[in-house]
Structure formats: C-alpha cells, structure tokens
1. Got the relative contact order for the chain handy, in percent, Cα pairs under 8 Å and 6 or more residues apart?
2. Computed from these coordinates, which is Cα Rg over 2.2 N^0.38 Å: [x] 1.85; [y] 1.29; [z] 1.34?
3. Would you mind calculating the gained length between THR6 and ILE35 on full extension (0.36 nm times residue separation, minus the Cα-Cα distance), in nm to one decimal?
4. Sum -39500 (n - 2.57) across every DSSP H segment of at least 4 residues in the chain, then divide by the residue count to get the 222 nm mean residue ellipticity, nearest 500.
5. Along the Cα→Cβ direction, 7 angstrom out, place labels at SER49 and ARG14. What is the inter-label distance in nm?
6. So which GluC sites (Glu not before Pro) in the chain pass both tests, a DSSP loop state and at most 10 other Cβ atoms within 10 Å of the Cβ?
7. Which loop trypsin sites (Lys or Arg not before Pro) in the chain, with loop taken from DSSP, have no more than 10 other Cβ atoms within 10 angstrom of their Cβ?
8. Can you tell which of LEU40, LEU13, LEU28 shows the greatest fluctuation in a Gaussian network model of the chain with Cα springs below 10 Å?
Amino acid sequence: MDTTITAPRAEVLRDRYHSRLPERLRELTGPVEDIGSLPLHIVWSGRTSYSL
C-alpha cells in the first residue's frame, strides 16, 4: 500500500508563485492600457491582438 501523501495542486502552485505575486492588488504597477498579443497556437481563430 502506498502511504505517500501529496499536497493538493492549489497548494503546490501557491507555494511556487508566492514570491512572484504581490500581497495586495494596490501593489501592482505597470501600464493601465496596452495591446496584448497571443501566439497562433493559443488563438487559432486568427485574431491575436487584444486591447486590454
């Protein structure tokens, strides 16, 4: 019988990205507006640029 206990995926991801994310939304900095572009393998419909 395997007695290995694994952490839920959400906990693993939270631990992995904790240092990259701000504690509060007001700590976010950067442009307020921009054009976002996605590669064709993600948006195969043809439209790759989006106004954010």
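None of the figures in this text is laboratory data; all of them are computed from the coordinates on show. All values reported here derive from a predicted model rather than from experimental measurement. No Cβ is skipped: glycine too gets one built from the backbone with ideal geometry, and neighbour counts run over all protein chains shown.
1. 25 percent
2. The value matching this structure is [x].
3. Computed gain between THR6 and ILE35 is 6.5 nm.
4. -5000 deg cm²/dmol
5. With each label placed 7 Å out from Cα toward Cβ, I get 4.0 nm.
6. For GluC sites (Glu not before Pro) across the chain that sit outside H, G, I, E and B with at most 10 neighbouring Cβ atoms in 10 Å, the list reads GLU23, GLU33.
7. Passing both the DSSP loop test and the Cβ count: ARG24, ARG47.
8. In this elastic network of the chain, the residue with the biggest mean-square fluctuation among LEU40, LEU13, LEU28 is LEU40.
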